[in-house]
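Below: one structure, written as structure tokens.
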Amino acid sequence: MPHSTSLLLARLDKVVNLASISSANPSIDMSNRAVIDYLANEFENLGFNCELIPCEPDSEKVNLIASIGTGPGGLVLAGHTDTVPLDEDLWSVDPFQLTEKDGRYYGLGITDMKGFFPIIMEAVTPLLEQEFSEPLIVLATADEETSMQGARTIAEAGRPKARSAVIGEPTGLLPVRTHKGIMMDSIRLLGRSGHSSDPSLGNNALDAMYAVIGDLMKYREEIRSRYANDLFQIPYPTLNLGSIHGGDNPNRICGHCELEFDVRLTPGMHIESVRAEIRKRIAGITDPLNIQFEMVPIFTGVPAFFAEENSSLLKMAEELTGHTGISVAFGTEAPFLQQLGMDTIILGPGSIDQAHQPDEFMDMTMVNPCITLLRELIGRHCL
């Protein structure tokens with residue numbers, strides 16, 4: 001087992017202990033305030049200045065900007081404080097308590113990604129006696145798992161600002177240079193129901209949806225060839241038809257039908273442009289059929305991310321880890337930090353394979369290398 005201080009373990013236990021589930025289901029959605037208050041208190045004790053920034057419109061969701069040192073430049077270490085929901089019956093350990101066994105630390109959010117913040121504290125503590133010539137800023141956000149409202153609030157506020165930003169999502173300590181974007185939408189068609197014995201009595205929304213699905217499958221092939229990208233394991237954007245509901249009885253003309261789908265976008269695709277293209281295509285099908293149509297975002301979306309050309313942060317991370325930048329399939333808050341003008345990458349301890357799973361864990365062998373890596377990054381940027 002690697003050497004870890006008892007203070008680090010106590011802090012890891014505390015962040016796991018403070019439940020901060022975010023969900024689109026209001027009955028299980030929670031505030032992240034307890035985690036933010038705890039982190040603010042710990043960082044203040046280390047000498048950081050802390051500012052809490054509530055989200056709009058839900059002020060129960062809160063972001064933290066903790067900074068030490070002043071001036072331009074510097075480094076942001078960022079992560080989210082919420083976790084996905086869970087089914088406790090599927091866990092073999094208490095999800096809200098740090099459990100050490102088999103060379104692993106177990107707990108909800110240990111890898112994705114509340115465990116990153118105690119590791120930052122461990123990394124920075126020995127450096128605090130030195131003069132910070134550029135600021136170190138720790139950013140802790142809300143609601144990454146659902147709406148990304150924390151990152152959106154931060155981006156709209158135009159801060160924090162620094163030369164570089166590292167998002168500590170679980171990447172196995174490999175630097176990530178690019179990831180796909182994601183959008184999720186619902187297509188709702190409204191026809192007119194009637195007795196199925198006479199089609200002229202109604203206007204079948206399910207018939208119209210059949211035509212819409214056929215066109216979406218054509219569009220899927222078009223974007224696959226138009227935006228092919230060899231950086232990814234799946235080297236093209238995907239469009240998944242995920243869920244469909246409609247009608248109420250086999251002997252009634254279907255009066256309404258709803259289809260839910262997602263698109264995983266490659267760099268160069270823009271969410272609103274894709275939405276506009278799909279809307280235009282569907283209107284071309286539904287208008288002649290006198291079917292009412294609306295397309296409603298389920299999740300407004302995260303753009304695809306690509307590290308800036310000749311990123312000095314990526315080069316530094318590649319040198320320190322001995323690995324060239326990789327691509328991943330999951331989305332992160334990186335595009336929002338990049339929007340603020342920062343040289344941004346994703347790099348953190350743990351594996352994404354353990355995220356969103358029962359018995360979520362971080363391998364103990366990840367902790368000390370991550371501490372060493374963060375100290376080196378802080379040293380090169382801030383000291």
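The values are calculated or read from the model by the stated rules, or taken from the named source; none is laboratory data. Please read these numbers as outputs of a predicted model, since none were measured by experiment. Please note: Cβ atoms are built from the backbone with ideal geometry, for glycine as well, and neighbour counts cover all protein chains shown.
For the stretch 292-300, the criterion of being in a helix (DSSP H, G or I), surrounded by 13 or more Cβ atoms within 10 Å (Cβ to Cβ) and modelled with pLDDT of 95 or more is met by no residue.
Answer yes or no: is there a residue in the stretch 72-92 that is at pLDDT below 95 and not in a strand (DSSP E or B). So far as the stretch 72-92 goes, yes, one or more of its residues are at pLDDT below 95 and not in a strand (DSSP E or B). For the stretch 302-324, the candidate set comprises residues that are part of a loop (DSSP other than H, G, I, E, B) and not charged (D, E, K, R); within that set, the residue that is nearest to residue 151 (Cα to Cα) is 303. Annotation note: of 129, 169, the sole residue that is farther than 22 Å from residue 309 by Cα and not assigned by TED's automatic domain parsing to the domain that holds residue 279 is 129.
When you look at residue 119, is it part of a helix (DSSP H, G or I) and crowded, with 24+ Cβ neighbours inside 10 Å, yes or no? In short, yes.
Results for (1) out of contact with any His (no Cβ under 7 Å at 6 or more places or on another chain); (2) in a helix (DSSP H, G or I); (3) basic (Lys, Arg); (4) surrounded by 18 or more Cβ atoms within 10 Å (Cβ to Cβ), shown as yes or no for each residue.
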site: 16; (1), (2), (3), (4): yes, yes, no, yes
site: 47; (1), (2), (3), (4): yes, no, no, no
site: 52; (1), (2), (3), (4): yes, no, no, no
site: 58; (1), (2), (3), (4): yes, no, no, no
site: 63; (1), (2), (3), (4): yes, no, no, yes
site: 66; (1), (2), (3), (4): yes, no, no, yes
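For the criterion of being surrounded by 22 or more Cβ atoms within 10 Å (Cβ to Cβ) and within 17 Å of residue 232 (Cα to Cα), residue 352 fails. Of all residues in the stretch 209-242, those being surrounded by 13 or more Cβ atoms within 10 Å (Cβ to Cβ), part of a helix (DSSP H, G or I) and either touching a helix residue (DSSP H, G or I) at 6+ places or on another chain (Cβ under 6 Å) or among the polar types (S, T, N, Q) (or both) number 3. Residues that are under 30 Å from residue 381 (Cα atoms), surrounded by fewer than 22 Cβ atoms within 10 Å (Cβ to Cβ) and under 19 Å from the mean Cα position of the chain (by Cα) do occur in the stretch 163-172, at least one of them. Specify the residue that is farthest from residue 184 (Cα to Cα); the eligible residues are those in the stretch 6-56 that are hydroxyl-bearing (Ser, Thr, Tyr) and free of Cβ contacts under 8 Å to residues at least 40 places away in the same chain. My answer is 6.
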